[in-house]
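The values are calculated or read from the model by the stated rules, or taken from the named source; none is laboratory data. Values in this document were obtained by computation on a predicted structure and should not be read as measured data. All Cβ positions, even for glycine, are placed from backbone atoms using ideal geometry, and neighbour counts span all protein chains on display. These area figures cover heavy atoms from the full protein model, side chains too; ligands, DNA and RNA do not enter into them. Shrake-Rupley method; radii C 1.70, N 1.55, O 1.52, S 1.80 Å.
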Amino acid sequence: MTDKEERIFLSSPHMSGNEQKYIQEAFDLNWIAPLGNNVDGLERELAEYNSINDAAVVTSGTAAIHLALRLLNVGKDDSVFVSSLTFVASANPILYQGATSVLIDSEMDTWNMSPLALERALKDANEKGKLPKAVIVVNLYGQSAQMDELMEICDRYGVPVIEDAAESLGSYYKGRKSGTFGKYGIFSFNGNKIITTSGGGALVSNDEEALKKARFLATQARDPAVHYQHSELGYNYRMSNIVAGIGRGQLEVLDERVRQRRAVFQRYEEAFEEIDGIEFQPELEDTMSNRWLTALTIDPAITGVSRDDIIDRLGEENIEARPVWKPMHLQPLFEGVEYYPQEDGNSVSDYLFEFGLCLPSGSNMSVVEQERVIALVLELLNK
Ligand SMILES: *Cc1c(COP(=O)(O)O)cnc(C)c1O
């Protein structure tokens, strides 16, 4: 195979080299079972990194969201509000609990939950005497949502926030780490995220008692008795000591990965920013996005080229590009579910899905590879 045929991925794992040291330690101590020094170490290091009291590491980001909903006692008569423009994993745990979801639109400044739409949805819910048990706010592609505005609204109605920071580990909002604003925050270490354990996630909070409970629920909810006794429904969600070893090696290079992803973004920006009809996902003032994925919109009425034209052309060259997430209110799984657009007749997430594109953004993509991607897009645009 020539270089030209080597696949360029949207986002692929990028090891530091230190992961194996931690895994070897686990082997040396025969600590292959779940729990152990790497699990404790990763939890401590992750909490420290994010300047938050505690972190519980689990098998996935989805499991972390599920645990957060359990800790907030979300049940089948309850509703939970969630960003519509996201990956399905943000919303699935609401269904696991048999609860009702209400989908909230995005705004253009961050592409994340619209404070306007949230305010309307909460006002309506309050008038019906049925406030949601939680609001799940997603930080898309590394960019924090408008947390001050969203937190103010939720605090006013007394509704706890779960921050889905699966994509925004290492990002900042007004000097504080993304994922630390709500009652709970969640991170993902899935294979495509900014750092990965091959599969894994974390639940973070300043409430250490709650995270103790989360660890209990994540290990089959076993009561303190020598015999196996259970009074509550639990799960097998704890991260293994081997997987946590990968996480420790990855966390060491997280800030470097953020710099690398931002450099990828900057090269795309320099190449395309002068082109009418192309708009990058904004970075809100006083925030720093990890730029997990470079995302932009392209208006075919101006450029003559559609998002799908670009995906197809790159695909022919064995390069992976994708549309922006398909909003939940357009998913068959959520058919008929209540949806609050930004304003009547103006759904921002519909617009972002129709015109939005994610370009290959891996921290291990070479400059030469990125220049190939850029050249193909420019060629298509006749630039
Ligand atoms: C990846 C992702 C998740 C789920 O994380 P997993 O570790 O894959 O379960 C949740 N929310 C968002 C926005 C994600 O991108």
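General observations
- Alpha-carbon centroid distance for the pair the stretch 178-228 / the stretch 234-298, whole angstrom: 22
- Length available on full extension from TYR96 to ILE374: 0.36 nm per residue minus the Cα-Cα distance, which gives 95.9 nm.
- Kirkwood estimate for the stretch 139-237, i.e. one over the average of 1/r between Cα atoms, Å: 15.1
- Stretchable slack from ASP308 to GLU343, in nm (0.36 nm times residue separation minus alpha-carbon distance): 9.9 nm
- Cα gyration tensor of the stretch 244-383 - equivalent ellipsoid semi-axes, whole Å, descending: 26, 23, 15
- Neighbour-limited loop hits for GluC sites (Glu not before Pro), the stretch 296-355 (at most 11 other Cβ within 10 Å; DSSP other than H, G, I, E, B): GLU335
- Convex hull of Cα atoms in the stretch 19-251, direction-averaged projection (nm²): 12.7
- If you take the Cα centroid of the stretch 311-383 and the Cα centroid of the stretch 15-78, the two points sit 31 Å apart.
- Beta-bridge orientation, the stretch 82-226: approximately 40 percent antiparallel, per DSSP, counting only bridges with both partners inside.
- Summed side-chain charge close to ASP78 - residues other than ASP78 whose Cβ falls under 10 Å, Lys, Arg +1, Asp, Glu -1: +2
- A simple spin-label model places the labels of GLU273 and SER51 2.8 nm from each other, with each point 7 Å out along Cα-to-Cβ.
- The residues of the stretch 1-141 expose, per residue, 42 Å² of accessible area to a 1.4 Å probe.
- Only helices enter this figure: runs of n ≥ 4 DSSP H residues, each worth -39500 (n - 2.57), summed and divided by the residues of the chain, yield -11000 deg cm²/dmol at 222 nm to the nearest 500.
- Added length on full extension, which subtracts the Cα-Cα distance from 0.36 nm per residue, HIS230 to ASN30: 69.2 nm
- Accessible carbon and sulfur surface of the stretch 28-167 relative to its total accessible area, %, 1.4 Å: 52
- For GLY315, net neighbour charge (Lys/Arg +1, Asp/Glu -1) across residues whose Cβ lies under 12 Å away: -3
- Other residues whose C-beta falls under 12 angstrom from the C-beta of ASP276 contribute a net charge of -3, scoring Lys and Arg +1 and Asp and Glu -1.
- Student exercise, the stretch 19-251 dipole from Lys, Arg, Asp, Glu Cβ charges, in Debye to nearest 20: 380
- Spread of Cα-to-Cα distances over 5 Å intervals beginning at zero, given as percent, for the stretch 67-203: 2, 11, 22, 24, 22, 12, 5, 2, 0
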